[in-house]
Amino acid sequence: MSRKSSSKISRRHFVEGTGAGLVAAATVAPLKGQAPGADVKNRTQGAPSSPPRTKIKFTINGAERGMEVEDHWTLVELLRDHLGLTGSKIGCDRGECGACTVLLDGKSVYSCSQLGVWIDGKSIITIEGLAKNGRLDPLQQAFIDHDGPQCGFCTSGQLMSAKALLMHNPHPSAEEVRAGMTGNICRCSNYNHYVEAVLAASAAGPSTGSGGNAA
Amino acid sequence: MTTLNSVGHATPRIDALKRVTGGATYTADIAVPNMLYARVLRSPHPHARIRKIDLSKAQALPGVKTILTHDNCDIIWSSGDTRNKRYLFNNPVRFAGDAVAAVAAVDRYVAEEALRLIEVDYETLPFVLEPEEALKPDAPEIQPGGNLSPNNQGKAEPAIEKRGNIEEGFKAADHVFEDRYQTPHINNAQLEPRASMAHWEGDKLIVYASTQGIANCRTDIAKDMKIPVEKVQVICQYMGGGFGNKNQCHDFDLMAAELSKRADAPVRLEFTRKEDFISVHGRWPTVQYYKVGVKNDGMLTAIQMRGYSGMGPYRKGAGDISGVEVYQVPHVEKTSYMVYTNKAVSANFRAPAYPQGVFALESVMDDAAHGLKMDPLEFRLKNYTRKFRDQQPYSSSGLEDCLRKGAERFGWKQRWRPAAADTGVVKRGVGMGMGMFPSSLGRSNAILRVDSKGNYDVHVGVTDCGTAAKTTMALIAAEALEAPLDRITVIWGDTDTCPYSVGESGSRTTVFTGQAVIEAAKDLKKQIAEKGLPKGDQFWRADAAPNPQLRDLARYSFTAHFAEVEVDTETGHIRVTKFVAAHDSGRIVNPLTAESQVKGGATTGIGMALHEQLLYDKRSGLPLTAGYYNARIMTHMDAPEIEVVWVETDDPYGPYGAKTLGEPTIIPAVAAVANAFFNATGKRVKELPLTRDKVLGALSEGALA
């Protein structure tokens, strides 16, 4: 399994990483994605599948945590199914919609396009960690005031992208907000209100330091 | 219009906190112990007979619990096709994406691997994708009885609407304009993929659905599962959008219920995003032939339309093509063919029959104005509807004000110039369109309670698919009860605790269920006036199930949209630079969330105009653009600022005069953008969307001669 630092995950890096993941998985379950054949018997006659597991340590919403993960779990799967953090949504599971956006060491990433094992030694902030000590992040308040969420399914991702944007560019222009959040699709198409809200939060003052160990 | 205390004031959603903290629980967030996970196998062919399905390898995979196919499951999804028997699993399969099998297994990985181990022997059949082709005598037969889908009376005939005498209308005309327009299949593409979690407690079925209407969903599930309706509970607390394709119950609800029954365990079934694009319905594609007669002074004399709607292989949707009624014209003839094809099923998507119809209608009207050298705004002010179908008065109409006030905000007088006025590479143009949408009255229910401290519970069967229905109901209750908003608690989204609600389709909830809340509140206030507040742990309760009807009136919402675009004639790129949406939806209950509706609807319409489509490969019959990127769904970068103009008519019906809002917001947006492109370039693209290939093609017309 490739264990390169993922602090600067580019799209190319992601593709390479996924390729490595598939190779690793193939040694265990040779038929993944292929037509059934003789080797099926090896798999089906054995015990229920037990994919390779790895022990990792990470920080999640400020708390340190160690656990054993199956190597094929995506990060969003790890968050939703194994840590009970269902605020991050799966809209496409293929890096198109942004509903699963979280902060990985202060950068926004699609958690459907990251493997869980890659977060070893890293810090993750999800929507559940955005409010601090019962106080909403200014972005959350602005999203309420400007009616950002309609159906709300994309909202967690919009917030986390906006958070990453403001941490790196505290006073963006409307055009910069659009560019910074364009990886987050809203089919209710409430884009105007999301942009308004981010600009309002930006004007309200510096975002509090809930972005973990961001630069 | 009198000012009210709660209604009419911009109010954040009462559940906004849950929505911004990740605390809102959607269907796929629900997990229970011992829950199985289900996935669906789909046809890779547009039309094929299944000779044999071999499940032996899949069933041998450890962790696989139950597999459904047409061999062992004959459940009919009755709301999936209103004309034919549509089973959960059909043979033959009739579109690429038709369900072949569903597997419940211990986890997602096992379920997905099991799909790969199912061996299906297909005999491929000839297929047809386009409705006009499908009506030819030698076309492959998709449903028994032919490809022209029958009407409500079971007759395979087109839907015909006639008024006046169309021939006389054309005789009276000084000019006739005609053209052919085409619109594609477009996906609703709501962010939340389809999911259902079902489990049984004895003989009671509990379904956590992702639905726009828990009451209808429950009735449908009971009917199709052949169990009494009181044995079904449907829960939907938060719902990630539907825009019309989560009405009623869905095949995934029924599959989850049946898998759960057979496996004797809770089952969560999820569709992938790709499945959502190829196997769940979107907007019906159309071909429309328009012919319009106009006098020299610009008055319309006749509108004739012949349209073909591609319904996919099952008749889930109505398939009509609407919009003509927005014009005052004595002679009308509409003929609509609803046709089976081997594309994905099509049905409701935000104002189902309207934006594609209005795109074509408003294009040909724009051509008429251009031909007469008239300002398109003047043309519409002359011809907009004064009476519904020239006969029935409206309960209220703000259409003229939408045109005038919208144009004023937009700066139409300063911005409009005759077509193709710019000579540079980047050409600017403006366009407009108008539309209307029914705002009927009808039955819905509400139950209100008050306790000894003066706190009110409002039980309404809404699901709040993003419309802010909960907040709307709370505002109406606060107004009717003369109580502050924080005394109101809304109980929603569960058929065991909520009465019937009409469902969030047809943009009816505010009007229907809002009226029920008012009626129940009146009753409760009367009880309090007579008996005082209850004592101790008592409460007073009021039920209402009003079924108001209109008499001799038509009730509609109206809208006019105005767009300015810049067309880069070298790249073919179109950018919307200004957009104004004027709406008469009666009294606006909550201006904050209503603005969200308008901005969202208009933006979706702009996407429909410019780049959204599910494109099919003609040779293989397979969809090519499944997914957000390839179907080119609107993004932040694509979305212009939408300015909203409210024309609040004082309508005597509906809760405090509110009319329908959610769906009208998309209707004229498509036409406004397409007409702006024409105004910029003097060329017309007659097939949506206005992608760069078509734009450059239109611009180069005649260039090579």
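Worth a mention:
- Set B:LYS578/B:LYS683; B:LYS334/B:LYS470; A:LYS107/B:LYS65; B:LYS85/B:LYS261 screened for pairs whose C-alpha atoms are more than 31 Å apart: B:LYS334/B:LYS470; A:LYS107/B:LYS65
- In sequence order, calculated HN-Hα J values of segment B:613-630 (Karplus, 6.51, -1.76, 1.60; Hz; x Gly/Pro): 5, 9, 8, 10, 7, 5, 7, 9, x, 9, x, 9, 10, 5, x, 5, 5, 6
- Which of A:SER173, B:SER79 has the fewest Cβ neighbours within 10 Å, and the rest in rising order: A:SER173, B:SER79
- For the protein assembly as shown: rounded, prolate or oblate by the Cα gyration tensor [a/c cutoff 1.5]: rounded
- Only aspartates and glutamates eight or more places from B:LYS274 in sequence, or on another chain, were considered; those with a Cα closer than 19 Å are A:GLU77, A:ASP93, A:GLU96, B:ASP98, B:GLU112, B:GLU113, B:GLU192, B:ASP251, B:ASP253, B:GLU612, B:ASP617.
- Translational diffusion of segment B:572-701, µm² s⁻¹ [Kirkwood Rh, Cα pairs; Stokes-Einstein; 25 °C; 0.890 mPa s]: 150 µm²/s
- Unit charges at the beta carbon, dipole of the protein assembly as shown: most positive-side option, B:ALA369, B:ALA38, B:LEU88: B:ALA38
- Our summary gives segment B:58-114 a relative contact order of 44 percent, counting only alpha carbon pairs under 8 angstrom and 6 or more residues apart.
- Fewest-first ranking of B:HIS175, B:HIS9, using other Cβ atoms within 10 Å as the exposure measure: B:HIS175, B:HIS9
- All Cα-Cα separations within segment A:138-204 were binned at 10 Å from zero, giving a P(r) of 25, 64, 11, each value a whole percent of the pairs.
- The peptide list B:290-299, B:467-476, B:596-605, put in order of mean Cβ contacts within 10 Å with the highest first, becomes B:596-605, B:467-476, B:290-299.
- Partner chain coverage, peptide B:191-198 - average Cβ within 10 angstrom: 5
- Ordering A:ALA164, A:VAL177, A:TYR194 by Cα displacement along the dipole of segment A:138-204 toward the positive end leaves A:ALA164 in first place; charges were set at the Cβ atoms of Lys, Arg (+1) and Asp, Glu (-1).
- For B:594-602, mean number of other protein chain Cβ atoms within 10 Å: 5
- In this structure, the residue pairs whose Cα-Cα separation is over 31 Å, taken from B:LYS246/B:LYS525; B:LYS52/B:LYS223; B:LYS162/B:LYS223; B:LYS171/B:LYS343, are B:LYS246/B:LYS525; B:LYS162/B:LYS223; B:LYS171/B:LYS343.
- Overall form of chain B: oblate. Here a/c, set by the Cα gyration tensor axes a ≥ b ≥ c, is 1.5 or more, and a/b is not larger than b/c.
- Taking Cα centre as origin and charging only the Cβ of basic (Lys, Arg, +1) and acidic (Asp, Glu, -1) residues, the dipole magnitude of the protein assembly as shown rounds to 640 debye.
- Segment B:ARG49-B:LYS136, extension gain: residue separation times 0.36 nm, minus the distance between their alpha carbons: 29.1 nm
- Proxy reagent accessibility, fewest Cβ within 10 Å first, across B:LYS373, B:LYS578, B:LYS231: B:LYS373, B:LYS231, B:LYS578
- Within segment A:105-160: Cβ-based charge dipole about Cα centre, in debye rounded to nearest 20 (Lys, Arg +1; Asp, Glu -1): 120 debye
- Report note on the peptides B:661-668, B:119-126, B:307-314, B:324-331: ranked by the mean count of other C-beta atoms within 10 Å, highest first, their order is B:661-668, B:307-314, B:324-331, B:119-126.
- Virtual paramagnetic centre 7 Å along Cα→Cβ of B:ARG415, amide N under 14 Å, in segment B:566-585: B:566-567, B:575-582
- Per-residue [θ]222 nm for chain B (sum of -39500 (n - 2.57) over DSSP H runs n ≥ 4, rounded to 500): -7500 deg cm²/dmol
- Sorting the segments A:158-167, B:423-432, A:62-71 by their residues' average number of neighbouring beta-carbon atoms within 10 angstrom, most packed first, yields A:158-167, B:423-432, A:62-71.
- Each other residue within a Cβ distance under 11 Å of A:LEU79 adds +1 if Lys or Arg and -1 if Asp or Glu, for a net charge of -1.
- Between B:ASP174 and B:THR423, the contour length at 0.36 nm per residue exceeds the Cα-Cα span by 86.4 nm.
- 3J(HN,Hα) along segment B:205-218: 9, 10, 10, 8, 9, 10, 9, 8, x, 5, 5, 5, 4, 5 Hz, from the Karplus curve 6.51 cos²θ - 1.76 cosθ + 1.60 with θ = phi - 60°, whole Hz, x for Gly and Pro.
- Mean-position separation - Cα centroids, segment A:45-122 and segment B:22-37, in angstrom: 17 Å
- Centroid-to-centroid separation of segment B:71-98 and segment B:545-617 [C-alpha atoms, Å]: 34 Å
- Residue-averaged beta-carbon neighbours from other chains (10 angstrom radius) around A:89-100: 6
- Restraint check, B:LYS231/B:LYS316; A:LYS89/B:LYS686; B:LYS427/B:LYS686, Cα-Cα greater than 28 Å: A:LYS89/B:LYS686
- In this Cβ point-charge picture (+1 for Lys and Arg, -1 for Asp and Glu), segment A:138-204 has a dipole of about 180 debye about its Cα centre.
Every read-out reported here was derived from the displayed coordinates using simple, explicitly stated rules and does not represent laboratory data. Just so it is clear, the structure is predicted and the values come from calculations on it, not from any experiment. Reconstructed Cβ throughout: ideal geometry from the backbone, glycine too, with neighbour counts over all protein chains shown.
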